[in-house]
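Q: Once you've had a glance at the structure underneath, I'll fire off some questions.
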């Protein structure tokens, strides 16, 4: 036997009580794990943003178009190293419920600017630039539908239609690309903007947004200011910001996920802190005589304090560990069905680490009062009370 | 006074405050118990028998005077040092056994050994020996709820002797037992005293129990009166 066995025996001496406390803790950590996984997935775009990448969108909001002519004008701004542009396609495959992220892009420059995020090999670049109806497909999306290079597939738009009234564009898959960073996902498709623009029935010669690289992150502010000033008082005013700020603003449309996570988890934790803390105070109080006996046998106050804290820590680690495991199972079960909207939904090492930190904090917080009471207990008082 | 005494109280005073009144239990108590003695302490309720035991075990501190046990002056020790001293020097036997209900007999006996540097194998050997001494080797894996009162008290005695303390302090060790079980326990204490040389101080109300001791001290109104008893 050792102190660990003693702690575990004490914790499970009343099994129903211990199980109920573990269940309440695991519920809190399961909520935490799932919400944190969503929060991380939502914010993954911010994490992979490059410091020297700026995004130019319509000042009204990013759903409004910009003229294609801005491409050359922005490329000429001092400090701009390279520019590309893209347009949201609003795609789906076969059925509107099969929502698919499709972007119409300028082939050469888009691949250059996003090359740090995705692995486009030379052959697929060459084919994409050569094939007007070509499409590059991310590995996850290709795997989802069983697509391979050479397949010709119809991809439809819920926003645009062709001049003949059709909503469907036929594209040829000329490459399947992988990712270079773990935080990004490959559940999307790139088609060529020129093909899309020539065939669509409205919005001709407009683009959704531009992405540019500056010579250095240090001149980002100056470049942003120059671009926005250049189009001031025009029909299409621009708002230029870092890619990180753009992604953050995009996610903000869905609500402040971080705040939701904090509030829900905070409420759950405060409730559990009170329940477990109160239960532990009572549980230790019931054992006053036993604690006095331990001290009589020679256990020091500090050691008794460690035993009680160990008990609440063990409780939090068991409950929290099961809770996080459940959260991992829940997110894993939802990953495929939500991969289009929330890519990379998972309880990753960062979340597990945060959860362990929270478990330790919860264990210490709930054990502090009973452990302190046990530490201070005078043997004579304890023997008399029990 | 005996200079080779294992236990020595010199001018010990102890009182407590109840409401506005200060009540004195002892004012100037002297006591010497030589090593190997078996002393029964008797006296009316409220005479301070349990307080005396608490003082001898370092559970309580005297207001005045000095307490020296096995060569250590304990009345001035810090709580931490007192805990270590108690673990090494004193074995306690309580009226209500005070075993941990969630631990087996062997685990209960092992508790004091968790405070030593002994490894797991050595601890198990000591526990087995202690349970053998009290005749419960076959009950090592039983929980307290699976044992009679007499058996539980024997486990408590095994726990008290497992770390080989010089002094056993017993507070009404047979107060919760029937006559037969009480005699078994008292015979065991006598054997520990006679065969293993343990010094035993036993508080009791029971004259029959006191007869197992080598001598009886009557504590009343803060003073001792001694009677030698034949076993």
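What follows draws every value from the coordinates through simple rules; no lab data is involved. These numbers come from a predicted model, not from an experiment. Note: ideal-geometry Cβ built from the backbone for every residue, glycine included; neighbour counts use all protein chains shown.
Q: Would you mind getting me the FRET efficiency between residue A:130 and residue A:170? Use the beta-carbon distance for r and R0 = 22 Å, nearest 0.05.
A: Plugging the Cβ-Cβ distance into 1/(1 + (r/R0)^6) gives 0.80.
Q: Determine the percent antiparallel among the DSSP beta bridges restricted to the range A:65-235, to the nearest 5.
A: 70 percent
Q: Moving on to the next point. Roughly how crowded by other chains is peptide B:48-58, in terms of the mean Cβ count from those chains within 10 Å of each of its Cβ atoms?
A: Taking all residues of B:48-58 together, the mean is 1.
Q: Over all distinct Cα pairs, what is the inverse of the mean 1/r for the range A:65-235, reported as the Kirkwood hydrodynamic radius in Å?
A: Kirkwood radius, the range A:65-235: 16.9 Å.
Q: What is the distance, in nm, between label points placed 7 Å from the Cα along the Cα-to-Cβ direction at residue B:225 and at residue A:17?
A: About 4.8 nm, to one decimal.
Q: Using label points projected 7 Å from each Cα along Cα→Cβ, tell me how many nm separate residue A:60 and residue A:346, to one decimal.
A: 4.1 nm
Q: Cβ neighbours within 10 Å, averaged per peptide: list B:22-30, B:140-148 in order, most packed at the top.
A: Per-residue mean Cβ counts within 10 Å order the peptides as B:22-30, B:140-148.
Q: Here's something else I'd like to know. Take the Cβ-Cβ distance between residue A:228 and residue A:317 as r, set R0 to 51 Å, and report the resulting FRET efficiency rounded to the nearest 0.05.
A: 0.45
Q: Give me a single rounded figure for A:287-296: the average over its residues of other chain Cβ atoms within 10 Å of their Cβ.
A: Across the residues of A:287-296, the mean count of other-chain Cβ atoms within 10 Å is 5.
Q: Output the peptides A:57-65, A:240-248 sorted from most to least packed, where packing is the average of other Cβ atoms within 10 Å over each peptide's residues.
A: A:240-248, A:57-65
Q: Where is the GNM fluctuation largest for chain A (alpha-carbon springs, 10 angstrom cutoff): A:31, A:159, A:275?
A: In this elastic network of chain A, the residue with the biggest mean-square fluctuation among A:31, A:159, A:275 is A:159.
Q: Taking 45 Å as R0, compute the FRET efficiency from the Cβ-Cβ separation of residue B:132 and residue A:325 and round it to 0.05. Before the final figure, lay out each step's value.
A: Values: r = 46 Å, r/R0 = 1.01.
Result of the calculation: an efficiency of 0.50.
Q: Using the 10 angstrom Cβ neighbour count as an exposure proxy, how do B:75, A:215, A:228 rank, fewest first?
A: So the residues, fewest neighbours to most, are A:215, A:228, B:75.
Q: May I pose another question? Under the definition of partner shielding as Cβ atoms of other protein chains within 10 Å of a residue Cβ, what is the mean value for peptide B:94-103?
A: 5
Q: Of the peptides B:8-15, A:3-10, A:232-239, B:76-83, how do they stack up when ordered by the mean number of other Cβ atoms within 10 Å, highest first?
A: So the order, starting with the most tightly packed, is B:8-15, A:3-10, B:76-83, A:232-239.
Q: Hey, another quick one. Per residue of the protein assembly as shown, what 222 nm ellipticity follows from adding -39500 (n - 2.57) for every DSSP H run with n ≥ 4, rounded to the nearest 500?
A: After summing the helix terms and dividing by residue count, I get -15000 deg cm²/dmol.
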